[in-house]
Every structure is written in C-alpha cells, then in structure tokens.
Amino acid sequence: MKKLISVVLTVAMLASLGLTAFADNPITQDSDPKNSDVVVQTITKTSDETYSVQIPADLSIEWGDTEQKDMNPKVTSQLQLGAKITVRVTDEDSTKRLKNKDWPAGLAYTPTGLDETFEFGAINTDALPKGAEKTVSVQVPSFAGVLVAVYQTTLTYTVEYKAP
C-alpha cells in the first residue's frame, strides 16, 4: 500500500511540472489586440472617515463693547461620499439675556445663528457656515441702564454625523 501511494504521489508531482502558471487575464500570441484591462479600486471602511469640529473658546466681552463677536464652528472632514456633518447652536436660556444671579433682569444680547442647523458636506478644510445670514455671533447692543457686573450665558454646540 505504501508503494502504491508513493507511485501515485510521484506521478502527480511529475504531472504538475508541466503546468504553466496563468494570470487572470492571459495575453497570448493569438490575442488580438494584445492588451488587457485591470480594475484598480480602493477599499474603504467606516473607520477611514475623519472629522473634527473646532468650537470657539469662551468669549469675554469688555464692558461697553457693542461690537458683534464671531462664534462660528470650523469643520475639517474627509467622509464617505454622501455623508454629512450638522452643527446646531442653542442658548441655555430662550430669553436672550446674559444672567447674573444678583441681577435677575440680566443684560440683553443679540445672537445670530442660534437654533439654525449648519450642514457641512463630506470634504472640508476649516470650513465655516456659508452665507452672511448663516453665521453664529453674539452682540450686546447696549449697556445703558444695567448695573456693572459679570453676566453670562452658555451656548451649546451639538455636532451630528449623518451617514450616507
């Protein structure tokens, strides 16, 4: 039995020596024309996506300063085709007043862009919200008739990824 197995293996080995290796798309002397197409493509995973949203640091407004202050988020991203990032900015208090616990009336301020949804596509490099009406800013229009004190509010930036 051992001799039979060794003879069969020897014959199989000798038969394999005569085989030629073939490519998937062989070109032979009989091929016309002598070319072949090869598809080259990338392979992606959801972990290949990257994004970051830069939120402004705390804002300090000098007493008496009535200039508009920019509070825009900046987005840098490389996402799947069709994916999006949305950013929404809300205020902790809907009365649009900067608060001080000892002065309940607070200090009125004018926000722009609050409660709007800013949408960013798949490719961004430090992108800001688009359009003059689509910005986030705060402004204290007047300090008249308000006691001098520290007033504040909190703006909340919510970032959401939307898959394609």
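The set of residues from the stretch 80-109 being over 26 Å from S47 (Cβ atoms) and β-branched (V, I, T) comprises V89, T90, T95. Close contacts from the stretch 139-164, counting a first residue that is within 30 Å of I123 (Cβ to Cβ) and a second that is aromatic (F, W, Y), with Cβ to Cβ under 9 Å and a gap of 6+ residues or different chains, come to V159/Y51; Y161/Y51. Report yes if L128 is over 29 Å from K162 (Cβ atoms) and either in contact with an Asp or Glu (Cβ under 7 Å, 6 or more places away or on another chain) or surrounded by 15 or more Cβ atoms within 10 Å (Cβ to Cβ) (or both), otherwise no. Spelling it out, it is not the case that L128 is over 29 Å from K162 (Cβ atoms) and either in contact with an Asp or Glu (Cβ under 7 Å, 6 or more places away or on another chain) or surrounded by 15 or more Cβ atoms within 10 Å (Cβ to Cβ) (or both). Exactly one residue out of L98, L107, L114 is surrounded by 17 or more Cβ atoms within 10 Å (Cβ to Cβ), closer than 28 Å to Q152 by Cβ, at pLDDT below 90 and not hydroxyl-bearing (S, T, Y), and it is L114.
The values are calculated or read from the model by the stated rules, or taken from the named source; none is laboratory data. Source: prediction; values computed, not measured. Heads up, the Cβs are rebuilt from the backbone with ideal geometry, glycines too, and the neighbour counts pull from every protein chain shown.
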